[in-house]
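Novice: One structure is given below, represented as structure tokens, and several questions about it will come after.
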Amino acid sequence: MAKLTGHKKTRTAVFISGTGSNLLNLIKFSKTKKSPISINLIISNNPSSKGLRFSKIYKIKKNICNFKKKTIAEKKLLKILKKKEISLICLAGFMKILSKNFIKNFRGKILNIHPSLLPKYKGLNTHERVLENKEKYTGCTVHYVSPKLDSGQIILQKKVRIDKNDTPKILAKKVLVQEHKLYVQSILKIFNL
Ligand code: GRF
């Protein structure tokens, strides 16, 4: 990733599908002096995702893409990303899988945050699965997005200890706190800051 030159921040799009707590965290970070990124676009596949409210609150353009027609959605997306001069994409609870073609055609980097210590527990329902397997630790991972699900180069990870009374809900909350920190640390890392 290019080092930050001058004060021009790297124009970034955040892709969401749900609550958007990672999105909110990235928006707040982007407004700090040390942030090398600005958030210039919010993308969701889900018109009722709660995170879309941050578009209005923070005056950030949003766009809803109907991923039921994935090829058309991705084509439209690439056009919008180009028009908005986006060079970094942060997936944050985005529940759709981007195609190999999209990843290849996007002229920039794509990051994702996943709620497990990859390469263990790729995919969904990670908290239920770590509890079922009586793991002692879980955690979260920020990685580059590659065509293979949850398998791109890892940037940073954070371990979270599992306590005996943890439920999937409690674990999700504990991990989410660490996700917010990890995403910021990962962005600083890829900018060599
Ligand atoms: C996070 O746990 C993230 O790791 C997973 O989906 C959740 C998104 O939460 N991919 P939010 O929408 O950012 O609050």
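The values are calculated or read from the model by the stated rules, or taken from the named source; none is laboratory data. Since this is a predicted model, take the numbers as computed values, not measurements. Every residue, glycine as well, gets a Cβ built from its backbone with ideal geometry; the counts of neighbours run over all protein chains shown. All accessible areas refer to the heavy atoms of the entire protein, side chains included, with ligands and DNA or RNA removed. Shrake-Rupley method; radii C 1.70, N 1.55, O 1.52, S 1.80 Å.
Novice: Output the number of residues of region 152-171 satisfying the condition of being closer than 13 Å to Glu135 by Cα and assigned to a strand (DSSP E or B).
Specialist: Qualifying residue count for the region: 3.
Novice: Tell me whether region 158-166 contains one or more residues that are away from the ligand (no atom under 12 Å from the Cβ) and open to solvent by less than 40 Å² (accessible area, probe 1.4 Å).
Specialist: So far as region 158-166 goes, yes, one or more of its residues are away from the ligand (no atom under 12 Å from the Cβ) and open to solvent by less than 40 Å² (accessible area, probe 1.4 Å).
Novice: Return yes or no: is Lys96 within 14 Å of the ligand (Cβ to nearest atom) and closer than 19 Å to Gln157 by Cβ?
Specialist: no
Novice: Please tell me if Gly93 is among the small types (Gly, Ala, Ser), open to solvent by 30 Å² or more (accessible area, probe 1.4 Å) and under 15 Å from Ala172 (Cβ atoms).
Specialist: yes
Novice: Consider Asn66 against the criteria (1) touching a helix residue (DSSP H, G or I) at 6+ places or on another chain (Cβ under 9 Å); (2) surrounded by 19 or more Cβ atoms within 10 Å (Cβ to Cβ): it satisfies all of them except one. Which criterion is unmet?
Specialist: (2)
Novice: Another question, if that's okay. Output the residues belonging to region 134-156 that are open to solvent by 10 Å² or more (accessible area, probe 1.4 Å), in contact with a Leu (Cβ under 8 Å, 6 or more places away or on another chain) and not hydroxyl-bearing (Ser, Thr, Tyr).
Specialist: Residues satisfying the conditions are Val145, Asp150, Ile154, Ile155, Leu156.
Novice: Look through Ser55, Ser48, Ser38, Ser99 and report the one residue that is without any contact (Cβ under 8 Å) to a residue 60 or more places away in the chain and crowded, with 18+ Cβ neighbours inside 10 Å.
Specialist: Ser55
Novice: Also, I was wondering about something else. Which of (1) without any contact (Cβ under 8 Å) to a residue 12 or more places away in the chain; (2) over 28 Å from His127 (Cβ atoms); (3) within 16 Å of the ligand (Cβ to nearest atom) is the odd one out, the single condition Lys28 does not satisfy?
Specialist: (2)
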